[in-house]
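Just below is one structure, and these are the notes that go with it.
The values are calculated or read from the model by the stated rules, or taken from the named source; none is laboratory data. Just so it is clear, the model here is predicted, and its values are computed rather than measured. All Cβ positions, even for glycine, are placed from backbone atoms using ideal geometry, and neighbour counts span all protein chains on display.
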Amino acid sequence: MKVLVCDKTEAEAIERMRAAGLQVDVRDDISPEELPKVLPAYDGMVVRSRTKVRQALIDVCPHLKVIVRGGVGLDTIDADYAHSKGITVMNTPKASSASVAELTIAYMFALARSIIQATASLKAEKWEKKNFEGDELGGKTLGLVGIGNIGGEVARRAAALGMTVIAYDPFIKSAAGVQMVNLDELLTRSDYISLHLPLTNESHNMIGKAQIARMKNGVRMINCARGGIIDEDALYKALKSGKVAGAALDVYAQEPPSDFKLLKLDNVIGSPHIGAATHEAQGRVGAEVAEKLIEFAKSKKLI
């Protein structure tokens with residue numbers, strides 16, 4: 001089976017696939033314009049967030065049998081259409097869960113104690129001690145919108161910090177140590193709200209003006225899931241008014257953003273979609289990609 005690796009993938013994973021008998025070519029810098037010219041010769045492809053697999057690309061690849069995305073979520077792939085063409089689509093939902101959860105917790109601490117702002121103040125050679133009185137996380141209520149693999153990891157860490165954890169997830173009825181509530185109750189009770197769900201038609205802009213109005217005054221929000229779940233214009237206005245005391249964003253409706261006004265607010269901190277960008281997570285992602293492709297090829301007698 002011929003496999004094209006379209007995005008950065010651990011070298012050990014690539015060697016493991018080759019050792020198992022797969023023919024693997026690495027083009028991790030291939031452009032969207034070049035991909036339709038190259039991919040038709042391959043049976044499988046490996047992608048991350050950079051490469052988008054849409055219907056038009058699928059239509060020019062008659063031999064494509066499998067797409068593996070190294071990461072959580074399939075929003076960069078027209079998965080339903082691929083399935084309709086008999087193409088297997090897989091991802092690695094657990095490999096980066098711990099890394100994204102740790103970034104979420106780090107952001108909660110940074111918001112509670114103004115760590116980024118205090119550092120910037122010191123770098124500007126100021127001593128503004130009175131400006132940076134913060135809050136403890138212990139005793140606060142964390143509302144998780146989505147309690148899947150990553151949400152569950154966040155919940156365990158937050159509980160260890162002494163937080164009360166509540167969650168809304170229409171697909172999950174119970175989770176250890178977590179009180180399941182409806183979305184309205186989560187919005188009204190939470191001191192911190194963190195998003196951990198995929199971007200779908202249903203979740204697009206699900207946190208907008210009306211939902212923010214239901215939140216506590218001074219709520220803090222974290223999004224390490226997907227851009228587009230929060231209405232960024234509504235969030236901007238809420239941050240300007242003080243309704244939302246602070247926001248931490250790893251993901252954006254457009255990446256990279258075309259308008260950085262949200263990130264220029266003093267009460268917003270952010271990063272360029274690095275939730276899964278740890279050495280440990282990348283190793284696990286690569287290993288799981290290799291395992292899934294090898295198992296698929298064996299099941300289809302392609303190696």
- Task: Please state which of the following conditions residue 294 fails to meet, knowing it meets all the rest: (1) over 20 Å from residue 75 (Cα atoms); (2) of a type outside the set (Gly, Ala, Ser); (3) surrounded by fewer than 21 Cβ atoms within 10 Å (Cβ to Cβ); (4) not assigned by TED's automatic domain parsing to the domain that holds residue 43.
- Result: (4)
- Query: Which one of 208, 286 is more than 21 Å from residue 93 (Cβ to Cβ) and either at pLDDT 95 or above or crowded, with 16+ Cβ neighbours inside 10 Å (or both)?
  - Reply: 208
- Output for region 147-160, where each listed residue is more than 12 Å from residue 222 (Cβ to Cβ) and either modelled with pLDDT under 95 or not acidic (Asp, Glu) (or both): 147, 148, 149, 152, 155, 156, 157, 159, 160
- Query: Just for region 63-107: of the residues that are among the small types (Gly, Ala, Ser), over 30 Å from residue 137 (Cα atoms) and in contact (Cβ under 8 Å) with a residue 24 or more places away in the chain, which one is surrounded by the fewest Cβ atoms within 10 Å (Cβ to Cβ)?
  - Reply: 82
- Residue pairs within 9 Å by beta carbon, gap of at least six or interchain, first lying in region 1-19 and under 22 Å from residue 52 (Cβ atoms), second assigned to a loop (DSSP other than H, G, I, E, B) and hydroxyl-bearing (Ser, Thr, Tyr), listed first then second, are 2/42; 3/42; 4/42; 6/51; 7/49; 7/51
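Residue by residue through region 271-283, note down the ones that are surrounded by fewer than 20 Cβ atoms within 10 Å (Cβ to Cβ) and not hydroxyl-bearing (Ser, Thr, Tyr).
Filtering region 271-283 down to residues surrounded by fewer than 20 Cβ atoms within 10 Å (Cβ to Cβ) leaves 271-274, 277-280, 283.
Listed by number, the residues that qualify are 272, 273, 274, 277, 279, 280, 283.
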- Restricting to region 1-24, what's the tally of residues that are crowded, with 19+ Cβ neighbours inside 10 Å and out of contact with any helix residue (DSSP H, G or I) (no Cβ under 8 Å at 6 or more places or on another chain)? 1
- Query: Taking the condition buried (at least 21 other Cβ atoms within 10 Å of the Cβ), free of Cβ contacts under 8 Å to residues at least 60 places away in the same chain, part of a loop (DSSP other than H, G, I, E, B) and at negative phi, does residue 262 pass?
  - Reply: no
- Message: Looking at region 188-209, can you tell me whether even one residue there is in contact with a helix residue (DSSP H, G or I) (Cβ under 9 Å, 6 or more places away or on another chain) and free of Cβ contacts under 8 Å to residues at least 12 places away in the same chain?
- Response: no
